[in-house]
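Presented below is the structure to which this report refers.
The values are calculated or read from the model by the stated rules, or taken from the named source; none is laboratory data. These figures come from a predicted structure and were not determined experimentally. Please note: Cβ atoms are built from the backbone with ideal geometry, for glycine as well, and neighbour counts cover all protein chains shown. Side chains are part of the model used for accessible areas, which takes the heavy atoms of the whole protein and leaves out ligands, DNA and RNA. Shrake-Rupley method; radii C 1.70, N 1.55, O 1.52, S 1.80 Å.
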Amino acid sequence: MSDATTTGAALAAEAASTRDHRVSYHRILLKLSGEALLGDRPYGVDPEFCAFIANQVKNVHARGVQVGIVVGGGNIFRGMAAAARGMDRATGDYIGMLATVMNGLALQDALEKAGVPTRVMTAIAMNEVAEPYIRRRAIRHLEKGRVAIFVAGTGNPYFTTDTAAALRAVEINAEVLLKATKVDGVYDRDPLTHPDARRYAHLGYADLLRDQLKVMDAAAVSLCMENDLPIIVFDLNQPDNITKVATGEPVGTIISSGGPTA
């Protein structure tokens, strides 16, 4: 047996020994919007809220769950909004990708302060600040117990970070995509303006696309549907929700095959 094979077997054995067998998902992809990092600020990154997110990730990571994260950049710059004001769409999207890198570095700092080993991997080459995204290397980081933060979206304009999250989740063989939001699931109407809005416990991919529910863009949902990757939409602001999802507690809305249930 080669040294590489021996090392791989040792890593797998170590991961199995630390894994909490009560968890329902052993490899997850967490999608954070840039706005999630705002906290109570109107712009930029709130270090306290980053620490709050880092502690949630730390708790689920301590259970042996492998965690990948895709972060948006809307708290700093949003390409589509800039395009609506006359900026070239591709240029705006590239600026937005750079904003996700800044967010990823801030999140890495918070995670490492919490004692969680972390790597930032970027779809746009910038070797001085982050590793280039390479699928096999990303999976290796996860197997070694590191949290992998994927930034710069897909590296291409005209694709959202939701689509990047779906793509990375499929690439790293994640078992579920966790979409963190400010509400506790998917509703038939905006719950902030309609108090009688109905929350779904389960929703099918096709229902989400047909009803044009503004949870994720159609390209991201279609990619998840084609690869039978479940999506769980949940409230990030509630402590331990990430751990609750990983352990199979009924948190938020599950989007998968099948019909809707309230």
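So the values come out like this:
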{"quantity": "Highest-first arrangement of 240-252, 174-186, where packing means the average Cβ count within 10 Å", "calculated": "174-186, 240-252"}
{"quantity": "Unit charges at the beta carbon, dipole of segment 152-197: most positive-side option, LEU177, TYR158, ALA197", "calculated": "TYR158"}
{"quantity": "Cα centre as origin, Lys/Arg/Asp/Glu Cβ charges: the chain dipole, Debye", "calculated": "280 debye"}
{"quantity": "Inter-site label distance for GLU131 and ARG63 at 7 Å from Cα along Cβ, in nm", "calculated": "2.5 nm"}
{"quantity": "Electrostatic dipole magnitude of segment 109-262 [Cβ: Lys, Arg +1; Asp, Glu -1; Cα centre; debye, to 20]", "calculated": "380 debye"}
{"quantity": "Loop-resident sites, segment 78-172, for trypsin sites (Lys or Arg not before Pro), counting at most 11 other Cβ within 10 Å (DSSP)", "calculated": "ARG85"}
{"quantity": "Per DSSP, loop GluC sites (Glu not before Pro) in segment 36-129 with at most 15 further Cβ within 10 Å", "calculated": "GLU128"}
{"quantity": "Interchain or long-range residues, amide H under 5 Å from THR247's placed H", "calculated": "SER24"}
{"quantity": "Cut-off under 5 Å, modelled amide H: who pairs with LEU30 long-range", "calculated": "GLY68, ILE69, VAL70, LEU178"}
{"quantity": "Those residues of segment 185-219 whose amide nitrogen sits under 14 Å from the label point placed on SER256, 7 Å along Cα→Cβ", "calculated": "201-205"}
{"quantity": "DSSP-defined antiparallel bridges as percent of all bridges, segment 192-262, nearest 5", "calculated": "50 percent"}
{"quantity": "Anisotropy class of segment 63-195 from Cα gyration tensor, a/c 1.5 cut", "calculated": "oblate"}
{"quantity": "Pairwise FRET efficiency - LYS113 versus HIS194, Cβ, R0 = 35 Å, nearest 0.05", "calculated": "0.30"}
{"quantity": "Computed label-point distance, nm, for sites GLU171 and ASP88 using a 7 Å Cα→Cβ extension", "calculated": "2.5 nm"}
{"quantity": "Cα centroid separation, segment 135-155 to segment 25-78 (Å)", "calculated": "15 Å"}
{"quantity": "Accessible-area composition of segment 138-257, carbon plus sulfur, in percent [1.4 Å probe]", "calculated": "50 percent"}
{"quantity": "Counting DSSP beta bridges with both ends in segment 112-246, the antiparallel % (nearest 5)", "calculated": "15 percent"}
{"quantity": "Rg(Cα) / (2.2 N^0.38 Å) computed for segment 98-157, rounded to two decimals", "calculated": "1.06"}
{"quantity": "Cα-based Lys proximity count in the chain, under 17 Å, for pairs eight or more positions apart or on separate chains", "calculated": "12"}
{"quantity": "Area projected by the alpha carbon convex hull of segment 128-183, averaged over all directions, nm²", "calculated": "5.1 nm²"}
{"quantity": "DSSP-defined beta bridges in the chain - what % are antiparallel, rounded to 5", "calculated": "15 percent"}
